[in-house]
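> Before anything else, here's the structure in question.
The values are calculated or read from the model by the stated rules, or taken from the named source; none is laboratory data. Every value quoted in this text rests on a predicted model; they were computed, and no experiment measured them. Please note: Cβ atoms are built from the backbone with ideal geometry, for glycine as well, and neighbour counts cover all protein chains shown.
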Amino acid sequence: MKKVWAFLKGCFVLLRKGSKIYYAWVTFLLALMVIGTMAYISQLYSGLIVTAMRDQVSWGFYISNFTFIVGVAAAAVLLVIPAYVYKWKPIKEIAILGELLAVSAMVMCLLFVTVDIGRPDRFWHLIPKIGILNFPQSLLAWDVVVLNMYLVLNFVIAGYMLYSLYYRRQPNMTYVLPFLLFSIPAAISIHTVTAFLYNGLAARPFWNASILAPRFLASAFCSGPAFMILLFQVIRKWTNFEIKDEAIFKVAELIAYAMFINLFLLGAEIFKEYYSDTAHLAPMKYLYQGLGGHSDLVSFIWTATIFNITAFLLFLIPQTRENYVTLNIGCILIFIGVYIEKGMGLVVPGFVPDVLGDFYEYSPTGIELLVTMGIWATGLFVYTMLLRIAIPIMNREFYVGDDGVHPFIGDQQFLFRRAEVAKGEVDILSQ
Amino acid sequence: MSDKGTNDKQVFRLTRRKALKGLAAGLGALAFPGKDASASVWEAFFQKNFRELSRPERDRLLARLEKEYSAQFGKAVKVKASPPVEGVLFGYGLDLSRCIGCRRCEYGCVTENNQSRDPQIHWIRVLRLAKERGVDLEHAEHYYNPSNVPEEGYFYMPVQCHQCENAPCTKVCPVQATWKENDGIVVVDYNWCIGCRYCMAACPYGARHFNWKKPGLPAGEMNPDTHYLGNRPRPVGVVEKCTFCIQRTRELEGRYPACVEVCPVGARKFGNLLDPDSEIRYVIENKRVFILKEELNTQPKFYYFYSV
């Protein structure tokens, strides 16, 4: 226990050290977080009336973002499988970045749910024994369970590995491997359960299609890894952490397969709805064509569709996949495409037209945008902090000193002479 | 709630009480300076689910609410918790051939059930449908506003909670804040609801409504005859719905729901489905009846029918 405390203390010392760019970035995120918090306080004060949600469209931008982020988190598994099931070295070296991304994404998910509920003061009603968790009946109860489990799982795995490396030990894989393998079905479960949350509602034909869960998984395996490819390049450029080209290209190849399945399932769904042309076509029509003069989402969903198809082609052809310009364009297209398709494009048509045929066109208010921005900033902040610790540890630049208590940070020997240290410091994040 | 259920919860309740007491002692000292204030705020914050309250706890809660509401609205407010009557299962009939679309039921409901006036919350929604299309919700007009009803070529269909036997809304609630009572009424514990609105997504009849802001209920218009699970004033951030006027229908001298009473053409029928001589049974057995969205297997106790 004393060692854990020493490790944490070392981490806090490390977190405070950094270049000007590191400080500017963190300050920027903190500023966004403060703005988001202020927007949330005003929402708490006035009630959810400050959002554009109403009885007809009772979930909006928050839940859209939540759904998308669950997908990003689930994608960590795309690194764990090649790394630990197939023991492919280039990815094994970077799998921990995926796990930490999952941790940050889960934090964002829980925040998005929190800001969406009307009575956050009653959150404890969800805690079993103290409150009542309606498990296994409610899919939302399932979601609470699997999301928290996935958060803890990834935190424990990454935490243990980093802790061991810090104390200059190889992590004992006989302990870690069962958890790592368990994180694979757990990742699939968070996404499946989130899909089922919508899927189980017979009142909403747009969601009540069994293709929903497979589509969720397929699109998650696009958006998450696309985000990671971009991150890998940032990390490679701004820190001295090595990420091999072949690892990046392998992830890109996996995205191509996932995107193909995603587009195929989308096509299957569109065919079924349009060809059978039942009353259930209305939400689909609203989304893709506009219905009864209501067409807010049409331009968005076509943007998403075009982006996804373009990105699929870019990732399919090896020449464009292995060219960093086209690769990055593809990643950005996928990220935006899936963000629209799995966010607003999934949630809002479930409510338009509503169950009694009323049309209420939803678009988020300024408060909703600010709160959402704050949560994204929080997620990036958490990820930045985690990387600030993880990368030096993996680079063997942050470990326990020879006295077994005090940490050794980079090339600085004298931790307490901060003025001098700051001047001569070559920070890993600014190199 | 049956005795068996209460016994099952015994152990569970004790552990929770202990946990909460510990937490209360710790946090309470820090958070609340005033002695009197802390007691009532504290009680409200850590109130248990209505179905898990013991008899004395429930009486205390009702007394506290009565005191609060009476002070807030400046009149003597009654908060009842009358249980379901044995041998009663409520059913509702709505005669589509009679309804003229005047929306008196909609506003009668608001007055009786203390809905928010600002913003307006209506538990009943009357749809205007074209006769040539029949019950085609996609083409329903929600905001019709002619100087006179009924209009040529249209019929009207009021929709409210169908009090489903197989209710999709209660199933999805993550904290069991909503449930079906033994007389078939689906109720919400407004003090337990966390406001996640999953039930609103699950309801196929648009029957659930959310308090997006603090309900605006003028003291003069407040109906002081209330039920804990029904028309008592609601807090912000929780879901509410039609309860077949639980504060009226459950009393021994049972009264009709306000919407039945106010309907000028007698299109609304209400009664006990278990009583073979009730009017609602007569309607079901002798009229052309249909169930809205029957294919969803929600098994509503709300029947549309045509008397002519």
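> If you take the residues of the stretch B:223-239 that are outside any loop (DSSP other than H, G, I, E, B) and touching a Ser or Thr at 6+ places or on another chain (Cβ under 9 Å), which of them is surrounded by the fewest Cβ atoms within 10 Å (Cβ to Cβ)?
Per the stated criteria, the residue is B:HIS227.
> It is to be established whether one or more residues within the stretch B:204-211 are touching a Ser or Thr at 6+ places or on another chain (Cβ under 8 Å), surrounded by 23 or more Cβ atoms within 10 Å (Cβ to Cβ), in a strand (DSSP E or B) and at the interface with chain A (Cβ under 10 Å from one of its Cβ atoms).
The answer is yes, given that some residue of the stretch B:204-211 is touching a Ser or Thr at 6+ places or on another chain (Cβ under 8 Å), surrounded by 23 or more Cβ atoms within 10 Å (Cβ to Cβ), in a strand (DSSP E or B) and at the interface with chain A (Cβ under 10 Å from one of its Cβ atoms).
> Evaluate the following for B:HIS122: is it more than 30 Å from A:PRO136 (Cα to Cα), under 13 Å from the mean Cα position of the chain (by Cα), within 14 Å of another protein chain (Cβ to nearest Cβ) and surrounded by fewer than 21 Cβ atoms within 10 Å (Cβ to Cβ)?
In short, yes.
> With respect to B:PRO233, determine if the residue is away from every other protein chain (no Cβ under 14 Å), touching a residue at least 24 places away in the same chain (Cβ under 8 Å) and closer than 30 Å to A:GLY60 by Cβ.
Yes.
> Any residue that is in a helix (DSSP H, G or I) and within 14 Å of another protein chain (Cβ to nearest Cβ) - is there at least one of those in the stretch A:147-160?
yes
> Looking for something more than 12 Å from every other protein chain (Cβ to nearest Cβ), among the basic types (Lys, Arg) and assigned to a loop (DSSP other than H, G, I, E, B) - is there at least one such residue anywhere in the stretch B:187-199?
no
> Another question, if that's okay. Only residues that are more than 16 Å from A:ILE94 (Cα to Cα), without any contact (Cβ under 8 Å) to a residue 60 or more places away in the chain and not β-branched (Val, Ile, Thr): list them for the stretch A:146-169, please.
The first filter runs over the stretch A:146-169 and keeps only residues more than 16 Å from A:ILE94 (Cα to Cα), leaving A:146-153, A:156, A:163-164, A:166-169.
Add one more test, that the residue is without any contact (Cβ under 8 Å) to a residue 60 or more places away in the chain, and what stays is A:146, A:148-149, A:151-153, A:156, A:164, A:169.
Scanning the stretch A:146-169 gives A:ASN148, A:MET149, A:LEU151, A:LEU153, A:SER164, A:ARG169.
> Look through A:LEU356, A:LEU370 and report the one residue that is of a type in the set (A, V, I, L, M, F, W, C) and either on the phi > 0 side of the Ramachandran plot or touching a strand residue (DSSP E or B) at 6+ places or on another chain (Cβ under 7 Å) (or both).
After ruling out the rest, the residue left standing is A:LEU356.
> Still on this structure, please answer the following. How many residues does the stretch B:138-170 hold that are part of a loop (DSSP other than H, G, I, E, B) and within 14 Å of another protein chain (Cβ to nearest Cβ)?
Selection size over the stretch B:138-170: 10.
> A further question follows. Every residue in the stretch A:375-386 that is closer than 18 Å to A:PHE7 by Cα and crowded, with 21+ Cβ neighbours inside 10 Å, please.
A:LEU386
> Continuing with this model, one more query. Conditions first: (1) closer than 19 Å to B:ARG125 by Cβ; (2) under 17 Å from the mean Cα position of the chain (by Cα); (3) among the hydroxyl-bearing types (Ser, Thr, Tyr). B:TYR256 passes all but one, so which condition is the exception?
If we test B:TYR256 against (1) closer than 19 Å to B:ARG125 by Cβ; (2) under 17 Å from the mean Cα position of the chain (by Cα); (3) among the hydroxyl-bearing types (Ser, Thr, Tyr), just (1) comes out false.
> Just a yes or no: is a residue in the stretch A:408-422 acidic (Asp, Glu), modelled with pLDDT under 80 and either in a helix (DSSP H, G or I) or within 26 Å of A:ASP116 (Cα to Cα) (or both)?
The answer is yes; a qualifying residue exists.
> Scan the stretch A:355-399 residue by residue and report those that are among the acidic types (Asp, Glu) and outside any loop (DSSP other than H, G, I, E, B).
Result: A:GLU368, single match.
> Checking A:ALA187 against (1) free of Cβ contacts under 8 Å to residues at least 60 places away in the same chain; (2) touching a Phe, Trp or Tyr at 6+ places or on another chain (Cβ under 8 Å), which single condition isn't satisfied?
Going through the list (1) free of Cβ contacts under 8 Å to residues at least 60 places away in the same chain; (2) touching a Phe, Trp or Tyr at 6+ places or on another chain (Cβ under 8 Å), A:ALA187 breaks only (1).
> Evaluate the following for A:LEU110: is it within 22 Å of A:GLY343 (Cβ to Cβ), within 14 Å of chain B (Cβ to nearest Cβ) and either free of Cβ contacts under 8 Å to residues at least 24 places away in the same chain or among the aliphatic types (A, V, I, L, M) (or both)?
The answer is yes for A:LEU110.
> Further question: Only residues that are touching a residue at least 12 places away in the same chain (Cβ under 8 Å) and either within 12 Å of A:LEU370 (Cα to Cα) or acidic (Asp, Glu) (or both): list them for the stretch A:39-49, please.
A:ALA39, A:TYR40, A:SER42, A:GLN43
For (1) over 27 Å from B:GLY91 (Cβ atoms); (2) in contact (Cβ under 8 Å) with a residue 60 or more places away in the chain, each residue gets a yes or a no:
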site	(1), (2)
B:GLN160	no, yes
B:LYS171	no, no
B:PRO174	yes, no
B:ALA177	no, yes
B:CYS193	no, no
B:CYS196	yes, no
B:CYS199	no, no
B:ARG208	no, no
B:PRO224	yes, yes
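> Identify, please: which residue in the stretch A:302-354 is surrounded by fewer than 21 Cβ atoms within 10 Å (Cβ to Cβ), of a type outside the set (D, E, K, R) and not in a helix (DSSP H, G or I) and is, among those, farthest from the other protein chains (Cβ to nearest Cβ)?
A:ASN323
> Here is a further query. Among the residues of the stretch B:64-102, what is the count of those that are surrounded by 18 or more Cβ atoms within 10 Å (Cβ to Cβ), touching a strand residue (DSSP E or B) at 6+ places or on another chain (Cβ under 6 Å) and more than 21 Å from B:THR249 (Cα to Cα)?
4
> Can I ask one more? Please go through the stretch A:91-133 and pick out each residue that is acidic (Asp, Glu) and within 20 Å of the chain's Cα centre (by Cα).
Within the stretch A:91-133, A:GLU99, A:ASP116 qualify.
Residues checked against (1) crowded, with 18+ Cβ neighbours inside 10 Å; (2) in contact (Cβ under 8 Å) with a residue 12 or more places away in the chain; (3) not assigned by TED's automatic domain parsing to the domain that holds B:LEU137; (4) not in a strand (DSSP E or B):
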{"position": "B:GLU251", "(1), (2), (3), (4)": "no, yes, no, yes"}
{"position": "B:GLU261", "(1), (2), (3), (4)": "no, yes, no, yes"}
{"position": "B:PRO264", "(1), (2), (3), (4)": "no, yes, no, yes"}
{"position": "B:PRO276", "(1), (2), (3), (4)": "no, no, no, yes"}
{"position": "B:TYR282", "(1), (2), (3), (4)": "no, no, no, yes"}
{"position": "B:GLU285", "(1), (2), (3), (4)": "no, no, no, yes"}
{"position": "B:VAL289", "(1), (2), (3), (4)": "no, yes, no, no"}
{"position": "B:GLU295", "(1), (2), (3), (4)": "no, no, no, yes"}
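> Then there is this: Just a yes or no: is a residue in the stretch A:255-278 surrounded by 14 or more Cβ atoms within 10 Å (Cβ to Cβ) and closer than 30 Å to A:TRP25 by Cβ?
Within the stretch A:255-278 (the criterion being surrounded by 14 or more Cβ atoms within 10 Å (Cβ to Cβ) and closer than 30 Å to A:TRP25 by Cβ), the answer is yes, since at least one residue qualifies.
> Residues in the stretch A:172-190: is at least one among the polar types (S, T, N, Q) and within 17 Å of the chain's Cα centre (by Cα)?
yes
> Which is within 14 Å of another protein chain (Cβ to nearest Cβ), among the small types (Gly, Ala, Ser) and within 26 Å of B:GLY184 (Cα to Cα), of B:SER82, B:SER116?
One residue alone meets the criteria, B:SER116.
> Also, I was wondering about something else. Scanning the stretch A:201-242 for residues that are over 17 Å from A:ALA74 (Cα atoms) and aromatic (Phe, Trp, Tyr), which turns out nearest to the other protein chains (Cβ to nearest Cβ)?
Step by step, filter the stretch A:201-242, then rank; the result is A:TRP207.
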